[in-house]
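Peer 1: I have a structure here, written as structure tokens, and I will follow up with some questions on it.
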Amino acid sequence: MGIGRPEDSTDAIGRGIDLFDCVLPTRNGRHGLLFTSEGLLRLRNQRYRDDPRPVDPACDCPGCRHYSRAYLRHLHQIDEMLGARLGALHNLRFYLRRLQDARAAIRDARFAAFRAQVHELASRSPS
Ligand SMILES: [Zn+2]
């Protein structure tokens, strides 16, 4: 539907939409642009060459549980398919967690604050 960015889907949820289908999480993941609890992360950036941290410490996907940013960056740099797959899995896990958080925010009557938090995170420049 072309409503792939987290802030766009959050806005749509606020309008009552609860079904989404977009390539953005997997396409971005395949290319090393990863959504994290701290904002966007461009895995191909030189700064991650020796970074031993997971892509997102708050994430429980296979890539974050088992590999460092440096290793995942290496996979992307050499166009190893595992890097693309782990990136796509990470972004899908991020979106699923985001939707779980949205449901909890609606249930707890704090969706407006949740939406503001999502937009604040999205306004951070990619790193
Ligand atoms: Zn992850």
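Peer 1: Criterion first (part of a helix (DSSP H, G or I), under 22 Å from SER123 (Cα atoms) and in contact (Cβ under 8 Å) with a residue 24 or more places away in the chain) does ARG44 satisfy it?
Peer 2: Considered against the rule, which asks whether it is part of a helix (DSSP H, G or I), under 22 Å from SER123 (Cα atoms) and in contact (Cβ under 8 Å) with a residue 24 or more places away in the chain, ARG44 comes out as no.
Peer 1: Scan the stretch 58-80 residue by residue and report those that are of a type in the set (Gly, Ala, Ser) and more than 9 Å from the ligand (Cβ to nearest atom).
Peer 2: The answer is SER68, ALA70.
Peer 1: Restricting to the stretch 87-127, name every residue that is out of contact with any helix residue (DSSP H, G or I) (no Cβ under 8 Å at 6 or more places or on another chain) and among the acidic types (Asp, Glu).
Peer 2: ASP108, GLU120
Let's see how each residue does on (1) among the aliphatic types (A, V, I, L, M); (2) in contact with a strand residue (DSSP E or B) (Cβ under 9 Å, 6 or more places away or on another chain); (3) more than 25 Å from GLU7 (Cβ to Cβ); (4) modelled with pLDDT under 95:
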position: ARG30; (1), (2), (3), (4): no, no, no, no
position: LEU40; (1), (2), (3), (4): yes, yes, no, yes
position: ASN45; (1), (2), (3), (4): no, no, no, no
position: PRO52; (1), (2), (3), (4): no, no, yes, no
position: SER68; (1), (2), (3), (4): no, no, yes, no
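Peer 1: Would you please name the residue that is modelled with the lowest pLDDT, looking only at residues in the stretch 17-28 that are over 24 Å from ALA105 (Cβ atoms) and more than 14 Å from the ligand (Cβ to nearest atom)?
Peer 2: Looking at the filtered set, the residue picked out is VAL23.
Peer 1: A further question on this structure: Mind telling me which of the residues GLY14, GLY39, GLY83 ends up being within 15 Å of the ligand (Cβ to nearest atom) and out of contact with any Ser or Thr (no Cβ under 8 Å at 6 or more places or on another chain)?
Peer 2: GLY83
Peer 1: Here is a follow-up. What's the number of the only condition in (1) modelled with pLDDT of 95 or more; (2) of a type in the set (Ser, Thr, Tyr); (3) in contact with a helix residue (DSSP H, G or I) (Cβ under 6 Å, 6 or more places away or on another chain) that THR10 fails to meet?
Peer 2: Unmet condition: (1).
Peer 1: Could you tell me which residue of the stretch 9-31 is farthest from the chain's Cα centre (by Cα), considering only residues that are of a type in the set (Gly, Ala, Ser) and surrounded by fewer than 19 Cβ atoms within 10 Å (Cβ to Cβ)?
Peer 2: Residue satisfying both the conditions and the ranking: GLY16.
Peer 1: Of the conditions (1) crowded, with 20+ Cβ neighbours inside 10 Å; (2) more than 14 Å from the ligand (Cβ to nearest atom); (3) part of a loop (DSSP other than H, G, I, E, B); (4) not polar (S, T, N, Q), VAL55 fails just one. Which one is it?
Peer 2: So VAL55 meets the others, but not (2).
Peer 1: For the stretch 18-41, what are the residues that are within 17 Å of ILE78 (Cβ to Cβ) and out of contact with any helix residue (DSSP H, G or I) (no Cβ under 7 Å at 6 or more places or on another chain)?
Peer 2: Within the stretch 18-41, HIS31 is the sole residue that qualifies.
The values are calculated or read from the model by the stated rules, or taken from the named source; none is laboratory data. Fair warning: this is a prediction, and the values are worked out from it, not measured in the lab. Backbone-built Cβ (ideal geometry, glycine too); neighbour counts: all protein chains shown.
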